[in-house]
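Student: Below you will find the structure I want to go over with you.
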């Protein structure tokens, strides 16, 4: 991750914060890994046929691992799951949100104090440049309590409740953005696939995560934000439709991804892939689709966030 304007020194700032404790606890695997699956370097992985909700292949499917900014998928799902949520509701950006990303060296959408953006716009700020400031704004707005600390804590509790509702038995959140305070922000490949499937079922979120870039104007001032999607699989792999990147010192490079060919959608999960998350994602999808795809990764502009 990095912070806009100070990329050379803060690229891994949020990752360092997230490295307070490792989570890699092996649990009994109830489904045997498919023989002859893709040869990948990721420590944990999962492939799901989304339409049939059927496991295609897995690697350490139920081992708990930190998830870095893939946490933000649940941030978005939690907000969108609030009854009668108004996507056009305007949220005013507070200085505390900017102070937070400066203090932690977190990835940022570079939201400016006093600007008003809608919930829908903050979804783009959250999911494309992996804005921890956007995550803070959403958690502060949709949590309950008399202080920011109380509201964000309340929101994290809602994230955990949503995980339980989705049957994510081996997932826990202690963070609204993936910057873990005590290393208690973890998931498994199987659980992440369940969450990804839920995310893609949302018309709003599925539209957001497949965008390679977006331009969004603040509601109250003449300021135009340009955000690029950190997921380089988009526009690089045929049919790629999302979903979210994440990187941390303990979590390693992570990628929750999906691709659609014809009427079939395949969801993939990679947790802690030190060097090859995009080539490995392509291998996994090719294995699922029984194809061979030559991939040239989309390059991000120098000004874009990296995650």
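Student: What is the stretch 53-148 by shape, rounded, prolate or oblate, if you read a ≥ b ≥ c off the alpha carbon gyration tensor as root eigenvalues and call it rounded for a/c under 1.5, prolate for a/b larger than b/c, and oblate otherwise?
Tutor: Here the stretch 53-148 falls in the prolate category.
Student: What FRET efficiency comes out for residue 213 versus residue 49 if R0 is 22 angstrom and r is the Cβ-Cβ distance? Round to the nearest 0.05.
Tutor: Working: r = 29 Å, r/R0 = 1.34.
Once the sixth-power term is evaluated, E becomes 0.15.
Student: Kindly provide the helix-only [θ] at 222 nm of the chain, computed as the sum of -39,500 (n - 2.57) over DSSP H runs of four or more divided by all residues, to the nearest 500 deg cm²/dmol?
Tutor: After summing the helix terms and dividing by residue count, I get -9500 deg cm²/dmol.
Student: With the Cα gyration tensor of the stretch 165-307 giving a ≥ b ≥ c as the square roots of its eigenvalues, does the rule (a/c under 1.5 for rounded; else a/b larger than b/c for prolate; else oblate) give rounded, prolate or oblate? Provide the component values of the computation, followed by the final result.
Tutor: Details: a/c = 1.40, a/b = 1.07, b/c = 1.32.
Because its axes are fairly even, with a/c under 1.5, the stretch 165-307 counts as rounded.
Student: PRE reach from residue 95 (point 7 Å along Cα→Cβ): which of the stretch 216-239 fall under 11 Å by backbone N?
Tutor: Hits in the stretch 216-239 for residue 95 at 11 Å: none.
Student: Counting each pair of different Cα atoms once, what's the Kirkwood radius of the chain in Å, rounded to one decimal?
Tutor: Across the chain, the inverse of the average 1/r is 19.0 Å.
Student: Counting every Cα pair in the stretch 56-107, what percent are over 14 Å apart?
Tutor: Percentage above 14 Å: 74.
Student: Compute the angle between helix 71-80 and the longest alpha-carbon principal axis of the chain, please, reported from 0 to 90 degrees and rounded to the nearest 10.
Tutor: 70
Student: Still on this structure: For residue 263 and residue 293, what is the calculated FRET efficiency with R₀ set at 22 Å and r taken between the beta-carbons, to the nearest 0.05?
Tutor: 0.75
Student: Still on this structure, I have one more. For a footprinting-style exposure proxy, rank 221, 269, 101, 79 by other Cβ within 10 Å, fewest first.
Tutor: 221, 79, 101, 269
Student: Any chance you could run the full-extension gain for residue 148 through residue 226? It's 0.36 nm times the residue separation minus the Cα-Cα distance, nm to one decimal.
Tutor: 25.3 nm
Student: At 0.36 nm per residue, and after removing the present C-alpha to C-alpha distance, how many nm does the segment from residue 275 to residue 116 gain when stretched out fully? Walk me through the intermediate numbers first.
Tutor: Details: separation 159, 0.36 × 159 = 57.24 nm, distance 3.85 nm.
Here the answer is 53.4 nm.
Student: Oh, and also: Helix 95-104 sits at what angle to the longest principal axis of the chain, using alpha carbons and giving 0 to 90 degrees rounded to 10?
Tutor: Computed tilt is about 50 degrees.
Student: Suppose a student asked you for the relative contact order of the stretch 210-307, using Cα pairs under 8 Å spaced at least 6 residues apart; what percent would you report?
Tutor: 25
Student: Sticking with this one: With an 8 Å cut-off on Cα pairs and a minimum separation of 6 or more residues, tell me the relative contact order of the chain in percent.
Tutor: 26 percent.
Student: Sorted from fewest to most neighbouring beta carbons within 10 Å, what does the list 169, 296 look like?
Tutor: So the ranking, lowest neighbour count to highest, is 296, 169.
None of the figures in this text is laboratory data; all of them are computed from the coordinates on show. What you see is a predicted model; the values in this text were computed from it and never measured. Here Cβ is always computed from backbone atoms with ideal geometry, including for glycine, and neighbour counts include all displayed protein chains.
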